[in-house]
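For reference, the structure discussed in these notes is given below.
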Amino acid sequence: MAVTISLALLFGFVLFMLLRSKTLGAGSAFVAVMFGFYLASTGAASTVNELMSALVTALPDL
């Protein structure tokens, strides 16, 4: 759970910075947020969570 919240904050910060630098428009940001929201409610959510957990676990071994 802590990893999920931290990654959500990280991706939220990146999205905020892209909006601030005008690299990403408001419409694109809305689409990105809605895609993440709806992806979380599909069957792919567990696969994405497992993938991110494996990535976070593998990072210290690099």
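A few notes on this one:
- Counting every C-alpha pair in the chain, the share spaced more than 20 angstrom apart comes to 37%.
- Segment residue 19-residue 45, extension gain: residue separation times 0.36 nm, minus the distance between their alpha carbons: 6.8 nm
- Accessible area of the chain belonging to carbon and sulfur atoms, whole % at 1.4 Å probe: 75
- The helix-based estimate of mean residue ellipticity at 222 nm for the chain, built from -39,500 (n - 2.57) per DSSP H run of four or more residues and divided by its residue count, is -26500 deg cm²/dmol to the nearest 500.
- Computed FRET value (nearest 0.05) for residue 31 with residue 61, which takes r as the C-beta separation and R₀ as 35 Å: 0.50
The values are calculated or read from the model by the stated rules, or taken from the named source; none is laboratory data. Because the structure is a prediction, the values reported are computed rather than measured. For neighbour counting, all protein chains shown are included, and Cβ atoms are generated from backbone atoms with ideal geometry for every residue, glycine included. We work out accessible area using only protein heavy atoms, side chains counted, and drop any ligands, DNA or RNA first. Shrake-Rupley method; radii C 1.70, N 1.55, O 1.52, S 1.80 Å.
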